[in-house]
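The values are calculated or read from the model by the stated rules, or taken from the named source; none is laboratory data. Because the structure is a prediction, the values reported are computed rather than measured. Note that each Cβ is placed from the backbone with ideal geometry, even for glycine, and that neighbours are counted across all protein chains shown. We work out accessible area using only protein heavy atoms, side chains counted, and drop any ligands, DNA or RNA first. Shrake-Rupley method; radii C 1.70, N 1.55, O 1.52, S 1.80 Å.
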Amino acid sequence: MSQIRTFFAGATTMAAALAAVFALTGAREPVKHERFDEITVGRINIVEPDGTKRMVISNRAQFPGDFHQGKEGARPDRRSFAGMIFVNEEGTENGGFIQKGSIAENGKIDAGLSLTFDRFRQDQALQLISTDGANHQSTGIRINDVPMYKTTSLDDMKKFAAEAEKLPAAEQAGYWKKLSDEGRLSENRIYLGNTRDKGSALSLKDAKGRTRMMLLVSAAGQAEIQMLDEAGKVVKSITPGN
């Protein structure tokens, strides 16, 4: 009997200890605020109370795919970047910031940064971009005319690309031109940036993406305003000399 009493006494003591631990830990309110001097992580998901992702900050190895109405799609083409992705209230990608920079053993540079803002359920309407490669460094701002998602969705763009690949190479340009004429494609409307010959340019385009006016300053400082027709031919040029 003494052994049984000893066993129950020990069990009672253990139960009391476990209850005390639970009271001090398990029943405690979740921590609402924490302060850190420094943290090291591979990826941070910023979410709403219901779990909807609103921003993802990530290294290259864990960089996410694209988000569309709460679902994440595969984007293996993004695996060379680190950065952050913006996500709207419905769980659809809203733009983001990506960056990379490396140099190969042969000295070839592959570097760039891009900050983009997307149209709702669509692709980028505004982009600030800088790229640095083996032959050219380019920095510019692009403003795009993006069709409403009901006119052309991102899924439609994937279908267009798949259909174009089925066509002979000689017919692909005509296929894309037809879609452009129908207003189904995004068109760059304004580009401001540097040029390959180290000049600077402001290009203004029509609804079909055709350049109709150029403001140019060469590397030597020569200024010029060009006006172009639908075929891209300069029909009027204004320089300090004329």
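Quick look at the numbers
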quantity	calculated
Subset of the stretch 193-202 [open to solvent by 60 Å² or more (accessible area, probe 1.4 Å) and either under 11 Å from residue 139 (Cβ atoms) or of a type in the set (Asp, Glu) (or both)]	197
Those residues of the stretch 99-111 which are without any contact (Cβ under 8 Å) to a residue 24 or more places away in the chain and open to solvent by less than 60 Å² (accessible area, probe 1.4 Å), in sequence order	104, 107, 111
Matching residues in the stretch 66-87 - criterion: being touching a Phe, Trp or Tyr at 6+ places or on another chain (Cβ under 7 Å) and over 16 Å from residue 116 (Cα atoms)	79
Residues of the stretch 207-222 classified as surrounded by fewer than 13 Cβ atoms within 10 Å (Cβ to Cβ) and either free of Cβ contacts under 8 Å to residues at least 24 places away in the same chain or in a strand (DSSP E or B) (or both), total	4
Test result for residue 54, within 13 Å of the chain's Cα centre (by Cα) and surrounded by 13 or more Cβ atoms within 10 Å (Cβ to Cβ)	no
Within the stretch 40-97, strands (runs of 3 or more DSSP E) holding 2 or more residues that are modelled with pLDDT under 95	66-68, 71-73
Residue check for residue 190: over 30 Å from residue 148 (Cα atoms), of a type in the set (Val, Ile, Thr), in a strand (DSSP E or B) and open to solvent by 50 Å² or more (accessible area, probe 1.4 Å)	no
Complete set of residues in the stretch 144-174 that are open to solvent by less than 60 Å² (accessible area, probe 1.4 Å) and charged (D, E, K, R)	156
Extreme residue, farthest from residue 69 (Cα to Cα), among residues of the stretch 117-143 that are surrounded by fewer than 18 Cβ atoms within 10 Å (Cβ to Cβ) and among the charged types (D, E, K, R)	132
Number of the condition not met by residue 155 [criteria: (1) at pLDDT 95 or above; (2) among the charged types (D, E, K, R); (3) not in a loop (DSSP other than H, G, I, E, B)]	(1)
Cross-chain or 6+ apart pairs with Cβ under 9 Å, the stretch 178-205 first and under 19 Å from residue 163 (Cβ atoms), then part of a strand (DSSP E or B) and modelled with pLDDT of 95 or more	180/187; 186/124; 186/125; 186/144; 186/145
Test for residue 85: is it open to solvent by 50 Å² or more (accessible area, probe 1.4 Å), under 15 Å from the mean Cα position of the chain (by Cα) and within 30 Å of residue 137 (Cβ to Cβ)	no
